[in-house]
1. Criterion first (at pLDDT 80 or above, touching a strand residue (DSSP E or B) at 6+ places or on another chain (Cβ under 8 Å) and more than 14 Å from residue 72 (Cβ to Cβ)) does residue 86 satisfy it?
2. Can you report the number of residues in the range 57-76 which are within 16 Å of the ligand (Cβ to nearest atom) and in a strand (DSSP E or B)?
3. Test residue 79 against the criterion of being within 16 Å of the ligand (Cβ to nearest atom) and either closer than 23 Å to residue 151 by Cβ or at pLDDT below 80 (or both), and give yes or no.
4. Any idea which residue in the range 89-103 is farthest from the ligand (Cβ to nearest atom), counting only those that are in a loop (DSSP other than H, G, I, E, B) and out of contact with any strand residue (DSSP E or B) (no Cβ under 6 Å at 6 or more places or on another chain)?
5. Just to be sure I understand the filter: pairs with C-beta atoms under 7 Å, separated by 6 or more residues or on different chains, first member in the range 44-55 and within 20 Å of residue 84 (Cβ to Cβ), second member loosely packed, with under 15 Cβ neighbours inside 10 Å and among the aliphatic types (A, V, I, L, M). Which pairs pass?
6. Tally time: how many residues in the range 154-178 are more than 16 Å from residue 40 (Cα to Cα), in a loop (DSSP other than H, G, I, E, B) and within 20 Å of the chain's Cα centre (by Cα)?
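The values are calculated or read from the model by the stated rules, or taken from the named source; none is laboratory data. Note that the structure is a prediction, hence the values are computed from the model and not measured. All Cβ positions, even for glycine, are placed from backbone atoms using ideal geometry, and neighbour counts span all protein chains on display.
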Amino acid sequence: MPIDLSSEAQRKRANDYWGGLAGKVERFLSRTKIIDGECWEWLGAYSGNGPYGVCRDLSGKSTSAHRVAFQLFKGNLLEGSQIMHSCDNPRCVNPAHLSQGTAQDNADDKVSKGRQSKSNTLPDQRGEGNLNSKTCVDTVLEIRKLYAEGVSQKEIASMTGVQRANVWAIVHRKSWRHI
Ligand SMILES: [Zn+2]
């Protein structure tokens, strides 16, 4: 993850804000509320003139809350990428509803809304050759990490948007055995 460590002040600010990096996920989740059993509505600050929540990212920079959600739960943000909502709810920070794309993807997505699937399963068990495989690998690693930390498979499923059967297969190394 490209955390900018060049500025000590910036690093300290992020650390203070998140209460130490170890607590960042809990800190983030405490600022969300589950709406209709699906979307996680952001309860923190909102940008002055936009519909999106704002939050500090892992480098301490203020950015949109859903970008931070993606970074926390799903992995690297690519340069110049946009984080898109499958639910069309700009207040939502549920990582299961977020996907990463280019600015062009985002424009296409707005045009084709209605055809897009809401599901966010890992596309295949190997991930090789898949455009999202970097994201998938990060998700798999995160799932195993959470499970090792004692988070239940049910909670992991709702945090990551990965189906419970897949979570089970991942933590028991029935799938994604190569990583
Ligand atoms: Zn949503």
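1. The answer is yes for residue 86.
2. 1
3. no
4. 102
5. Correct list of pairs: 53/45; 54/45.
6. Residues in the range 154-178 being more than 16 Å from residue 40 (Cα to Cα), in a loop (DSSP other than H, G, I, E, B) and within 20 Å of the chain's Cα centre (by Cα): 2 in total.
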